[in-house]
Amino acid sequence: ADFDAKKKRKVAEIYQALNSDPIDVAALRRMAISEGGLLTDEIRRKVWPKLLSVNTDDLPPLPAGKELREDSKDYQQVLLDVRRSLRRFPPGMPDDQREGLQEELIDIILHVLKRNPQLHYYQGYHDIVVTFLLVVGDRLATALVEKLSTHHLRDFMDQTMDNTKHILNYLMPIIDQVNPEVHDFMQSAEVGTIFALSWLITWFGHVLSDFRHVVRLYDFFLACHPLMPIYFAAVIVLHREQEVLDCECDMASVHHLLSQIPQDLPYESLISKAGDLFVQFPPSELAKEAAQAAQAERTAASTFKDFELASVQQRPDTVLRQRFRERLRGEERLRGEERTKSILTKPRTNRFVKLAVMGLTVALGAAALAVVKSALEWAPKFELQIFP
């Protein structure tokens, strides 16, 4: 009963903020962040536009889908992604209703891209758009997604993934501030930050199976700084401290562990923890470490290089094997021939290479294509390194 009373009180406060003149956006932000977020989709329909300062009185009509589709260079890719997005719709939804929503989803995406030629579609974008579509309907979703795409998601929609990589470079410095032991372990394992890529670029929509958790996170992210999702990613890793430290310290094992996101996370406490970390270690303070991370051979930049290489060749396992061979050469020098033989014949390694390849391909389903495309664009820059 206490919970219900608290909830009623919160609903009243939200409506009070909505009805004050001018609208109390600061209060709405606080409500979206604090326990339970915005509580209901009905409230989200009213508050999300305010958090993104979108004027709901003046929504443009949606254009006809047919012309959009004929004109769009992205239509085929969007169509493929949307067809694969079945699990993002409520389980009991009738097929015809879902198919109708999938058509709307395609139109929203193509509409936003057509109006903003500077934006480039990426795989995983549809995971964000479908969340808005299911909560607020197509016209309002179009306006919100357009605003979001030119602001919060702007970095992911560049022609290359340079800015996305840069955001991922904030992950390790945040972990380092809170728990140097976990940070050093991950550095030793050379796991990089690829495991968090699909989390970041879909705002966790692609990896969480319960829609309620997804919209709760969207309340939080919409009310915060655009870098908040990377703080939330860091908090998930920190929450799993024990599992990480108990893991074999190698790239394949740690990547496999981290890319499988637990579905029963304590969302409310993680959200408040992420908020605290943001205040304690704002991005401006971490910027230097993030830049150093980009320089350092052993962090995100180098794993991305591996990943591009893997994507171009469509074979992540070749990269893992190559890394493994490089590690072996080092160990060989240190410990002589015998040690090397035993490592090579250990079956565990092969199993982990297989698991890691599965992990890479599954976790990166959403992102792989974007990376492949950008990898191919970048290939000439380091052709010499890739194809010796």
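Hey, what do the phi angles of the range 216-232 turn into as Karplus ³J(HN,Hα) couplings, whole Hz, using 6.51/-1.76/1.60 and θ = phi - 60°, x for Gly and Pro?
The phi angles translate into 4, 5, 5, 3, 5, 5, 5, 8, 10, 4, x, 8, 4, x, 6, 5, 5 Hz.
Taking the Cβ of residue 233 as the center, what net charge do the other residues with Cβ under 13 Å away carry, scoring Lys and Arg +1 and Asp and Glu -1? Provide the component values of the computation, followed by the final result.
On the way: positive: 240, 273; negative: none.
Counting the neighbours of residue 233, the net charge comes to +2.
For the range 3-111, what number of Lys pairs, 8 or more residues apart or on separate chains, have alpha-carbon atoms under 24 Å from each other?
Lysine pair count for the range 3-111: 8.
Assuming R0 = 45 Å, can you tell me the calculated FRET efficiency for the pair residue 56 and residue 249, based on Cβ-Cβ distance, to the nearest 0.05?
0.30
Could you tell me the calculated FRET efficiency between residue 294 and residue 45, based on Cβ-Cβ distance and R0 = 51 angstrom, to the nearest 0.05?
That pair, residue 294 with residue 45, gives E of 0.80.
Averaging the inverse of every distinct alpha carbon separation and then flipping it gives the Kirkwood radius. What is it for the range 55-96, in angstrom units?
This gives a value of 13.1 Å.
Gap in Å between the Cα centre of the range 8-69 and the Cα centre of the range 96-111?
Centre-to-centre distance over Cα atoms comes out at 22 Å.
For the range 195-217 and the range 255-284, what is the separation of their C-alpha centers, rounded to whole Å?
The range 195-217 and the range 255-284 have Cα centres separated by 12 Å.
Taking a quarter of the surface of the convex hull around the Cα atoms of the range 161-313, what do you get in nm²?
Working: hull surface 34.5 nm².
The Cα convex hull of the range 161-313, projected and averaged over all directions, gives 8.6 nm².
Just to check I understand the Karplus step: with θ = phi - 60° and J = 6.51 cos²θ - 1.76 cosθ + 1.60, what whole-Hz values come out for the range 198-211, glycine and proline as x?
So the Karplus estimates, Gly and Pro as x, are 5, 4, 5, 7, 10, 6, 6, x, 6, 10, 9, 8, 9, 4 Hz.
Using 5 Å bins from zero, what percent of all Cα-Cα pairs in the range 103-175 falls into each bin?
3, 16, 27, 22, 14, 10, 6, 2, 0
Could you calculate the FRET efficiency of residue 181 with residue 239 from 1/(1 + (r/R0)^6), where r is the beta carbon distance between them and R0 is 22 Å, rounded to 0.05?
Given R0 = 22 Å and the Cβ-Cβ separation, E is 0.90.
When all alpha-carbon pairs of the range 1-135 are counted, what percent fall beyond 27 Å?
Looking at the range 1-135, the distances longer than 27 Å represent 37 percent of pairs.
Give me the net charge for the shell around residue 100: Cβ to Cβ below 15 angstrom, other residues only, Lys and Arg +1, Asp and Glu -1.
On the way: positive: 83, 88, 98, 139; negative: 95, 96, 99, 103, 104, 107, 138.
Surrounding charge for residue 100 is -3.
Which percent of the accessible area of the range 1-156 is formed by carbon and sulfur heavy atoms (probe 1.4 angstrom)? Before the final figure, lay out the partial values.
On the way: 4070 of 7980 Å².
That fraction is 51 percent.
The values are calculated or read from the model by the stated rules, or taken from the named source; none is laboratory data. Everything numeric in this text was worked out from a predicted model, so none of it was measured. Please note: Cβ atoms are built from the backbone with ideal geometry, for glycine as well, and neighbour counts cover all protein chains shown. Surface areas here come from the heavy atoms of the whole protein model, side chains and all, with no ligands, DNA or RNA. Shrake-Rupley method; radii C 1.70, N 1.55, O 1.52, S 1.80 Å.
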